[in-house]
Every structure is written in C-alpha cells, then in structure tokens.
Amino acid sequence: MPISLSAKKSLRKSLKNHKDNVSFKNRLKAIIKKFLAKPTSEDLKEVYSILDKAVKKNIFHKNKSDRLKSNYSKKVGKDVVKKVVSKKSVAKKATVKKVIKKKTK
C-alpha cells in the first residue's frame, strides 16, 4: 500500500487511467469487429477515426495505427479508400510572403 500522499494520488490516477484505457480498447475492438464482419466505407471512416484517437491518447503508436489503416483499407477496395482519404486531407492555407523592394541609388 502506498504511504505518502503523492504515492496515494499516483495509485488513484493509474487506476483511473487503466479503467479509461480498457474501456477505450474495448470500444476500439468492437468497432473493428463490426468493420471486419462487413467492410463498408462508412465503417472504414469510423475505424480511421478511432485509430486516430488511439494515437492521440498514446494507446497506439502512430506507425501501428498507419499499418492497421493500410490493412483495413485493403479489405474494402481501392475506389472507396480514395474517397475516404481524399475527404480526410485538408488543404493548407497559401501563405503570402511580402516582398520588400530595396531602393537602389
């Protein structure tokens, strides 16, 4: 048992995080099972979304998430994947650079 206050708080925090991570992983597994049972473009979007959230929460590494996305996209078909990926990419704003002309004498 933890004795100091910081150790007690650390225990509370780790138990809470463990509970949250387990429930998130269960939700992730359920979504992936649903997708693998009947792969559709809508379910693929949902899988992409949950995998991105897993990376954001540091549950999965980015490379693992990318590998899983690649494998799941192969199950749907090439036409559908292009639509999902193209909608996901966001165009960057064009930066305007100001050019200052130097005066020549």
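Things worth noting here:
- Scope region 1-40; condition among the hydroxyl-bearing types (Ser, Thr, Tyr) and either surrounded by 15 or more Cβ atoms within 10 Å (Cβ to Cβ) or more than 15 Å from Tyr72 (Cβ to Cβ) (or both); matching residues: Ser4, Ser6, Ser10, Ser14, Ser23
- In summary, Tyr48 fulfils each of the numbered conditions (1) surrounded by 15 or more Cβ atoms within 10 Å (Cβ to Cβ); (2) farther than 19 Å from Gly77 by Cα with the single exception of condition (2).
- Within region 23-43, one or more residues are in contact with a Lys or Arg (Cβ under 9 Å, 6 or more places away or on another chain), of a type in the set (Gly, Ala, Ser) and either in contact (Cβ under 8 Å) with a residue 24 or more places away in the chain or outside any helix (DSSP H, G or I) (or both).
- Residue in region 67-89 that is in a helix (DSSP H, G or I), surrounded by fewer than 10 Cβ atoms within 10 Å (Cβ to Cβ) and either at pLDDT 95 or above or in contact with a strand residue (DSSP E or B) (Cβ under 8 Å, 6 or more places away or on another chain) (or both) present: no
The values are calculated or read from the model by the stated rules, or taken from the named source; none is laboratory data. What you see is a predicted model; the values in this text were computed from it and never measured. Glycine gets a Cβ as well: all are built from the backbone with ideal geometry, and neighbour counts include every protein chain shown.
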